[in-house]
1. Regarding segment A:91-201, what whole-number volume in Å³ per residue does the convex hull of its Cα atoms give?
2. Would you list B:65, B:282 from fewest to most Cβ contacts within 10 Å?
3. For label points placed 7 Å from Cα toward Cβ, what is the shortest-first list of nm distances from residue B:145 to its copies?
4. Just want the ordering: B:218, A:38, from fewest to most Cβ atoms lying within 10 Å of their own Cβ.
5. At 20 Å minimum axial length over the Cα atoms and a Kyte-Doolittle cut of -1.0, report the qualifying DSSP H helices in chain B, or say none.
6. Place a point 7 Å from Cα of residue A:287 in the direction of its Cβ. Which residues in segment A:204-228 have their backbone N less than 20 Å from it?
7. Averaged across A:139-147, how many Cβ atoms of other chains sit within 10 Å of each residue's Cβ atom?
8. Between beta-carbons, use under 10 Å as the cut-off and find the net charge around residue B:150, counting Lys and Arg +1, Asp and Glu -1.
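What follows draws every value from the coordinates through simple rules; no lab data is involved. Quick caveat, the model's predicted, so the values are computed rather than measured. Because the Cβ atoms are built from the backbone with ideal geometry, glycine has one as well, and the counts that use them run over all protein chains shown.
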There are 2 protein chains.
Amino acid sequence: MRLNEKLGERKIIEIIQNRLDMMPKMPIPFGDDVSAYDIGNGNIAVLKTDMLVDKTDVPRGMSLWQAARKAVVMNVSDFAAKGVKPKVVLVSLGLPRKLTEKDIEEIGEGLNAGAREYDAYIIGGDTNEASNLVISISLFGTAKKNTLMLRSGAKPDDLVAVTGVFGKTAAGLKILVEGLETPKKIGKILVDSVLMPHARLKEGLVLSQTKAVSASIDSSDGLAWSLHEIAKASNVGFLINSLPTAKEVRRFARINELDPLELTLYGGEEYELVLTIKPKFWEKVEKAVERVGGKLLPIGKVTAEKQVLLEIDGKRSLIEPRGWEHFKNIKV
Amino acid sequence: MRLNEKLGERKIIEIIQNRLDMMPKMPIPFGDDVSAYDIGNGNIAVLKTDMLVDKTDVPRGMSLWQAARKAVVMNVSDFAAKGVKPKVVLVSLGLPRKLTEKDIEEIGEGLNAGAREYDAYIIGGDTNEASNLVISISLFGTAKKNTLMLRSGAKPDDLVAVTGVFGKTAAGLKILVEGLETPKKIGKILVDSVLMPHARLKEGLVLSQTKAVSASIDSSDGLAWSLHEIAKASNVGFLINSLPTAKEVRRFARINELDPLELTLYGGEEYELVLTIKPKFWEKVEKAVERVGGKLLPIGKVTAEKQVLLEIDGKRSLIEPRGWEHFKNIKV
């Protein structure tokens, strides 16, 4: 049985997890966006590692500087989703022989840019030879255990919100990879969303302070997948009644005869936060996010019934548990 | 200018470091075996990342289980050299498509074995598709800042010691990769040193407690290179008068007409500790290491003169600053 036929990323993770001895009293369970270790006095060390590989994570048109920066940003996004500030970054590089000194400089500058944008520092790492460009990033930070926003706390009737609009990266990738066309100005916005992603760290930090967020995840595997992940971890369902489609995506979809719903729900590589919020605190939370320059878009509510549903014009349909997944769904 | 012609691992690291903003008050400088972040009250978070790539780090004859275990052990060795206990491990995998479900199981079991041998747990990670098998490991632990054994504290007249004999991995690789021959029993010892490396964690932890170690490094880049690294970081030199060659290496060298000195000094992928020790504490330190089942072999002393010299039968020669280095010196 080969990976590309039968196994996907999630199956592989399951196989490996089943072979691991579990640490007693893990502060954060396997499968959440970050990992943690109890360092006493209610504090935890928060850790995250995620690898960027050129062949699956770097589309045509993305420079080495952008790829290196993205490798950091995609890890910061997971910290943002938990409400934890990353303090330091470690980098492990696999470098193809064909890279030049200038290429290496670009990678170094991109890594630094990604870390400094979020006020973190790169403090160590190593380099290796590899056939692919591989940028493996590790983040470290500390947090009060009781301020962490996990995937598992959503309750029926909580409100569902996101920190921004969706679909731009799915559209941007279609421009970069498949060569689809669109007016220049819109095209630039869509492509930039892929090349220059931003993590919602300010929003995540202020959200965790409100103590009103019952569950949180980043949307790097797509909006649909993120909803299903919270549903699974919290043992709930969703009724989504307002799709947060970017206006540029609507226009792009119209021009190219694509389904904007598909681009909105089943993309990936976008780094908004998907949150559930206790209803009585909604206004307080909304204001807190606005104070740091962000916004909160309500998209639906949590349900006791364990289905993830979309309701448009009174018509309900299932939101499928699919999205961007490495191996099964190569996009470049 | 291409990597394989002009750049080596150390040059690449230098290029990248020059592009990074430095964190103020780093508890451990760039270039030591591990990185650290001050978490207050005299405590530091200790972090390490190192990547194993099949094409340079996995010789013929090494199973996936062994490769995965080694990826963890080589990181633990750096913690050992600093006297820090690793608490948790994160794993980022790049997996070629050709791997089967059984291969993945082997990798999971090898990772777990490597962590549990040193009483650590794997608590998170991610998987990706890559052309090479890439196993990027991150370790986390905490330590009292003042017990850390850095590379930079060696003083003239300190004694130099190692935690075991050298040359077995260099010889073992010649058997595995070049097909050199040797009697079966010796061959197994030499090959096992490559396939099943062990980190000197017990020794490192007890050594840091003695407070008598002025500098420490692991020997993963070879004995000669390790001495030069301490010499550079501490601004001293060495006079080595007793080469710690394994007896199996002497025999292997005789049979294959090789220079045992070359195998002892300029190998790599071996995980002994190379230490400098304040002379008046020698006996105390030696006993402390013996109490945990280890041993300490004196091999020379630190000198004010900044050369790394070998003295055999009254004849002095320079120990060169070379050893195993990725890119420039591919061994498989």
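1. Values: hull volume 21.3 nm³, N = 111.
Dividing the Cα hull volume of segment A:91-201 by its residues yields 192 Å³.
2. Values: B:65 19, B:282 16.
Fewest to most other Cβ atoms nearby, the residues stand as B:282, B:65.
3. 2.6
4. Working: B:218 24, A:38 15.
With the sparsest Cβ surroundings first, the list reads A:38, B:218.
5. Membrane-span-like by this criterion, though nothing is claimed about a membrane: B:64-82.
6. Flagged as within label range: A:204-214.
7. Per residue, the number of nearby Cβ atoms from other chains is 2 on average.
8. Numbers: positive: B:82, B:151; negative: B:32, B:33.
So the environment of residue B:150 carries a net charge of 0.
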